[in-house]
Each structure stands twice: as structure tokens, then as C-alpha cells.
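A short write-up of the structure that comes next.
Quick note: the coordinates plus some simple rules give every number you see, no bench work behind them. Fair warning: this is a prediction, and the values are worked out from it, not measured in the lab. No Cβ is skipped: glycine too gets one built from the backbone with ideal geometry, and neighbour counts run over all protein chains shown.
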Amino acid sequence: MKRNWEALVLKAMGGREFRLTVLDSERVSGSLHRLLVDGGGLLAAAEAHPTMWIRLWFDNEGRSHQRAYTLVDPDPATGRFHLEFALHEGVAARWASSARPGDTIDATLQGSSFTLPDPTPTHLYLVGDSASLPAVNSLLDAAGDLPATIWLEYANDDEKGLPHRARAGQEVIWVPRLDEGRHLVETVRAALTSPAEGAYHWVACEAGTTRALAKHLRKGLGVNRHQVSALGYWTAR
Ligand SMILES: Cc1cc2nc3c(=O)[nH]c(=O)nc-3n(C[C@H](O)[C@H](O)[C@H](O)COP(=O)(O)OP(=O)(O)OC[C@H]3O[C@@H](n4cnc5c(N)ncnc54)[C@H](O)[C@@H]3O)c2cc1C
């Protein structure tokens, strides 16, 4: 597969390249496929952090197709981690579904960073979906028993069975994807009507939905920019 200009730019920006090898492949449900991979030295080269993601290079009929995926349960002792793919019509999702032990894929580490705010937030407000659930789970692991409210958008009923890591006292609210995501925006807006002192907000959904929620938090409620993190995880087309 020919790597394109994107790969050159990322390398020039300090991107580090690794070759991952699939060790195990598991269909968790109709909407999720999980791979166990050897990181090819990635976990020795970089310390893992919550929400850590890499750029994977898929082959799209000879053209390179780069998409971001989150490291699940990175284990520096073995150099292994899982990748969880939300399933839909797409090159990445298709590759994952048919990946077998021994298959390899190139990865670039560039652009991922995250630290939980200091001082520790009084409450976490997380908004995600099946694509950002691995990142949501890594935040919940890092947050321990912090109070949290988590909205998760789902397109298919079976997504409500996806494994989340909320603990007692952390509320998970499943919201159907309706009206191209506007239902989720309205649901969160109705719940968050004033800035919550010391709270931290993290939003990672479809791009338009994420933009609308970030605007509500930053401009509508005037929440300090250090208390909001928002990144579109996919684009509806
Ligand atoms: C930092 C970051 C971390 C991410 N981590 C993960 C992760 O761990 N697991 C994960 O599953 N995804 C994750 N994503 C999202 C993933 O990169 C996108 O969903 C990506 O578009 C999938 O590529 P594709 O080749 O399968 O589909 P594309 O070629 O991008 O799109 C093909 C079609 O599928 C639709 N589509 C793409 N993604 C979705 C989706 N999630 N739901 C519904 N329809 C979709 C598009 O609108 C389009 O119509 C992450 C994204 C970011 C930015």
C-alpha cells in the first residue's frame, strides 16, 4: 500500500511508527469487534495515558486510509493492548471484522495526550457513543469513585449491552441516536443548564453533535475552556 502525504506530515511532526500484530480476534456483539494486538514496541516507547489513541493505516484498495483508534487496557509488561471497533460500513470496521491472528497493521503515535485536570474535578460529565466508549472507559478507570454522569448515544439496541466501566454512584444514560444526533444534544442541554463548579466535561461523539455540545458548554454556559474537552470521533456522511 502506498503511504500518502499525511504519513510524511505526521512523521515530520514527530509521529512515531509501529507495526501491530493481531494476536486474537473476538466478535463481542453485533456492534463491537475486539482485537488483542502486540504493540510492536509502542508501549515501551511511550507511557500510556487515559483516552490514548493511535492512527491506524488501513489499505483501501491500494490507497492508504488513516483512522484513529483507542488503546484498551495497555499492558506495558507484555507490550499488548486491545482495540475495540464499533461496527458500521467502513474500511476500518471491515478490516477489524476479518482480522486474524498474525495479521499486521501499521500505526502512528502522534497527537494523543491527556491528563485528568488538577485539582481533581468534583464531577465528570462524559458524552460519547460506541466509538468513544473505549476512551470513556479509560477515563472512568482513571477517575475511580469520582461522581460522574455519562451519556452514551446508541444507534442499535444491542449497543446498550456494550461493556462500560461505570461504578456505583456514576450514572449511565443511554440516549437513542435520533434526528441526526440532535436528540442527544437536546438531552444534554436540558440536563446541563448552568455551569457546575469544579466539574469537568468531556465530549466525543459524531463531529456535528460534538460541535453543538461544545458550543453549548463554552458559549452557552460559559464553562472555562480548561473544564471542557471536545473532539469529534467520526463524521456522518
Ligand atoms: C481520537 C479518536 C479515537 C477513536 N477511537 C475509536 C475506537 O477506539 N473505536 C472505534 O470504533 N472508533 C474510534 N474512533 C472513531 C473512528 O476513527 C471512526 O469511526 C472512523 O471513521 C472509522 O473508520 P471507517 O474506515 O470504519 O469508516 P469511514 O470510512 O470513516 O466511514 C464510512 C462510513 O461509516 C460512517 N461511520 C464512521 N464511523 C462511524 C461510527 N462510529 N458510527 C456510525 N457510523 C460511522 C461514516 O459516516 C461513513 O458513512 C476514534 C476516533 C478518534 C478521533
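Applying both filters, DSSP loop and at most 11 other Cβ atoms within 10 Å, to the GluC sites (Glu not before Pro) of the stretch 106-215 gives GLU197. Restricting the GluC sites (Glu not before Pro) of the stretch 1-78 to loop positions (DSSP other than H, G, I, E, B) with no more than 16 neighbouring Cβ atoms within 10 Å leaves GLU47, GLU61. Overall, the stretch 61-144 carries a charge dipole of about 200 debye about its Cα centre when +1 sits on the Cβ of Lys and Arg and -1 on the Cβ of Asp and Glu, all other atoms neutral. Only helices enter this figure: runs of n ≥ 4 DSSP H residues, each worth -39500 (n - 2.57), summed and divided by the residues of the chain, yield -6000 deg cm²/dmol at 222 nm to the nearest 500. Note on the stretch 123-230: with charges restricted to the Cβ of Lys and Arg (+1) and Asp and Glu (-1), its dipole about the Cα centre is near 480 debye. If the Kirkwood radius is taken over C-alpha pairs of the stretch 5-109, then at 25 °C and 0.890 mPa s the Stokes-Einstein diffusion coefficient equals 176 µm²/s. Counting only aspartates and glutamates at least 8 places from LYS219 when in the same chain, those with an alpha carbon closer than 19 Å to its own are GLU186, GLU197. In the chain, taking the dipole from charged Cβ atoms about the Cα centre, the farthest positive-side position among GLY144, HIS123, GLY111 is held by GLY111. Placing +1 on the Cβ of every Lys and Arg and -1 on the Cβ of every Asp and Glu, with no other charges, gives the stretch 35-184 a dipole of roughly 120 debye about its Cα centre. For ARG167 and THR193, FRET efficiency with R0 = 22 Å and r from the beta-carbon atoms, rounded to 0.05? It comes out at approximately 0.25. Output the antiparallel fraction of DSSP beta bridges having both residues in the chain, as a percent to the nearest 5. Roughly 60 percent of the DSSP beta bridges within the chain come out antiparallel.
Applied to the stretch 205-218, the Karplus parametrisation 6.51 cos²θ - 1.76 cosθ + 1.60 on θ = phi - 60° returns per-residue 3J(HN,Hα) values of 9, 4, 4, x, 4, 5, 4, 5, 6, 5, 5, 4, 5, 6 Hz, with x for Gly and Pro. An ellipsoid equivalent to the chain, defined through the eigenvalues of its Cα gyration tensor, has semi-axes of 30, 20, 18 Å when rounded to whole angstrom and sorted largest first.
For the pair THR235 and ASN4, label points projected 7 Å from Cα toward Cβ lie 1.1 nm apart. Answer with one residue from GLN66, GLY79, GLY39: the one whose Cα lies farthest towards the positive end of the charge dipole of the stretch 5-109, charges on Cβ with Lys, Arg +1 and Asp, Glu -1. Farthest towards the positive end: GLN66.
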